[in-house]
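Colleague: Okay, here's the structure, questions in a sec.
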Amino acid sequence: MSGESESVGTVVVATVTNLGIAAAKAVGGIVSGSSAMLSEAAHSVADTVTELLLLTSLKRSTKPADEAHPLGYGPERYVWALLASVATFVGGAVFAVYDGVHTLVHGEEPGDPTLSYVILAVAFLLEGYSLLVAWRQMKAEAARMRAPLALYVKHTPDTAVKAVLLENFAALIGLALAAGGLLGAQLSGSGVYDGVASLLIGLLLVWVAWELGRSNAQYLIGRSLPAGMRQEVREELLSVLHIEGVLELTTLVQGPHEVLIAAKVDFHDLASARQVETACEVAEAQLRERFPAVRRVYLDPTPSPAPGGGPVSPGAPASP
């Protein structure tokens, strides 16, 4: 299964899970009168909307390059994923904070929490399974990229899977908070515990929305490969026969499986035109083999600066 198919599968699992959980939580919230349960229902609705936007991003970003978009549509996924983070904030965080404040100010009449406990337990299992699916994909992708798992999760360009991972992680914490609020209200007869739980769920969603928004904004602005991988790219280029130096290196992540590499390269002065062409082909092949996400490689033959920092005059040998 390709990385793109895995991402779609992970998001679909999360979408179906959250859609069913949202309905169940809403029923539980109405029956129990719990603001924390209603906040959790809003949380799941926001997650469902988020995942639908992520599915849209995955679909639209795979459109092939055309004359109007010669580098393809890969970055479009980050536009939709950024909208998904806004949906998490508006649809979940704002409602949860409002409901928590309303409960603390006006109080609430706790109902029978039994059904809510059952719903929370089932939701915990389903969210846990969805989290496991996303976690396994993250581990597999980190292994393919030969990167530490924690570092890959922090910097992964696959923000759709990162969104599912963070949302499911937040969902498990939110479920625990909602259960704590219900239990506190049941034991004390006061809605304060439930209101506090709702506020904490809202703040948790604010953090998720901020983290996802920040991650997607970085790739929309234009993010390079991590420093360690850029060094590996430089070493790979320098290993090619007739390439003597890499004067300038630019890398651009356009999607989880789409990286552009452009470099000003100093070739051996005595290399023929054919040897330079062959070196460019070999360099591209080696980069694609070492980094499967590389889709485009542009090498610009450029002489090294002359001694003293001035430009190299035509025909003058480059400094060693």
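Colleague: Let me spell it out: the conditions are (1) part of a helix (DSSP H, G or I); (2) buried (at least 16 other Cβ atoms within 10 Å of the Cβ), and residue 72 meets all of them except one. Which number is the exception?
Modeller: Condition not satisfied by residue 72: (1).
Colleague: Here is a further query. Based on this model, can you work out whether residue 246 counts as in contact (Cβ under 8 Å) with a residue 12 or more places away in the chain and in contact with a helix residue (DSSP H, G or I) (Cβ under 6 Å, 6 or more places away or on another chain)?
Modeller: Here the answer is yes, as residue 246 does meet what is asked.
Colleague: From the set of residues in segment 211-227 that are free of Cβ contacts under 8 Å to residues at least 40 places away in the same chain and of a type outside the set (Lys, Arg), which is most open to solvent (accessible area, probe 1.4 Å)?
Modeller: For segment 211-227, the residue satisfying everything is 221.
Colleague: So, of the residues in segment 106-116 that are open to solvent by 70 Å² or more (accessible area, probe 1.4 Å) and at pLDDT below 80, which turns out to be nearest to residue 199 (Cα to Cα)?
Modeller: 106
Colleague: Now for a separate question. When residue 51 is evaluated against the numbered criteria (1) within 22 Å of residue 216 (Cβ to Cβ); (2) open to solvent by 10 Å² or more (accessible area, probe 1.4 Å), which criterion, by number, is the only one it fails?
Modeller: Just one mismatch for residue 51, condition (2).
Colleague: Now for a separate question. Of all residues being aliphatic (A, V, I, L, M) and open to solvent by 50 Å² or more (accessible area, probe 1.4 Å) in segment 91-105, which is nearest to residue 156 (Cα to Cα)? Just the residue, please.
Modeller: Among residues in segment 91-105 that are aliphatic (A, V, I, L, M) and open to solvent by 50 Å² or more (accessible area, probe 1.4 Å), the one nearest to residue 156 (Cα to Cα) is 94.
Colleague: So residue 88 clears everything in (1) surrounded by 23 or more Cβ atoms within 10 Å (Cβ to Cβ); (2) over 15 Å from the mean Cα position of the chain (by Cα) except one condition, right? Which one?
Modeller: (2)
Colleague: Could you grab the pairs with beta carbons closer than 7 Å, sequence gap of 6+ or different chains, first residue in segment 269-284 and within 17 Å of residue 237 (Cα to Cα), second one part of a loop (DSSP other than H, G, I, E, B) and of a type in the set (A, V, I, L, M)?
Modeller: 269/318; 279/240; 279/241; 282/240; 283/240
Colleague: Among the listed residues 308, 228, which satisfies the condition of being modelled with pLDDT under 90, closer than 27 Å to residue 72 by Cβ and outside any strand (DSSP E or B)?
Modeller: On inspection, the qualifying residue turns out to be 228.
Colleague: Here are some residues: 235, 277, 244, 289. Which one is outside any helix (DSSP H, G or I), surrounded by fewer than 18 Cβ atoms within 10 Å (Cβ to Cβ) and either within 16 Å of the chain's Cα centre (by Cα) or not hydroxyl-bearing (Ser, Thr, Tyr) (or both)?
Modeller: 244
Colleague: For segment 292-305, give me each residue that is part of a loop (DSSP other than H, G, I, E, B), in contact with a strand residue (DSSP E or B) (Cβ under 9 Å, 6 or more places away or on another chain) and either open to solvent by 70 Å² or more (accessible area, probe 1.4 Å) or not hydrophobic (A, V, I, L, M, F, W, C) (or both).
Modeller: 302, 303, 304, 305
Colleague: From the list 240, 259, 276, 265, exactly one residue is modelled with pLDDT of 90 or more and in contact with a helix residue (DSSP H, G or I) (Cβ under 6 Å, 6 or more places away or on another chain). Which is it?
Modeller: 240
Colleague: Something else about it: Filter segment 163-212 for residues that are over 27 Å from residue 153 (Cβ atoms) and among the charged types (D, E, K, R) and give the result.
Modeller: Across segment 163-212, the qualifying residue is only 194.
Colleague: Quick check, is residue 119 modelled with pLDDT of 85 or more and either under 30 Å from the mean Cα position of the chain (by Cα) or assigned to a helix (DSSP H, G or I) (or both)?
Modeller: Criteria not met by residue 119.
The values are calculated or read from the model by the stated rules, or taken from the named source; none is laboratory data. Predicted model, so just to flag it, every value in this text is computed and none were measured. Using ideal geometry, Cβ is built from the backbone for each residue, glycine included, and neighbour counts are taken over all protein chains shown. We work out accessible area using only protein heavy atoms, side chains counted, and drop any ligands, DNA or RNA first. Shrake-Rupley method; radii C 1.70, N 1.55, O 1.52, S 1.80 Å.
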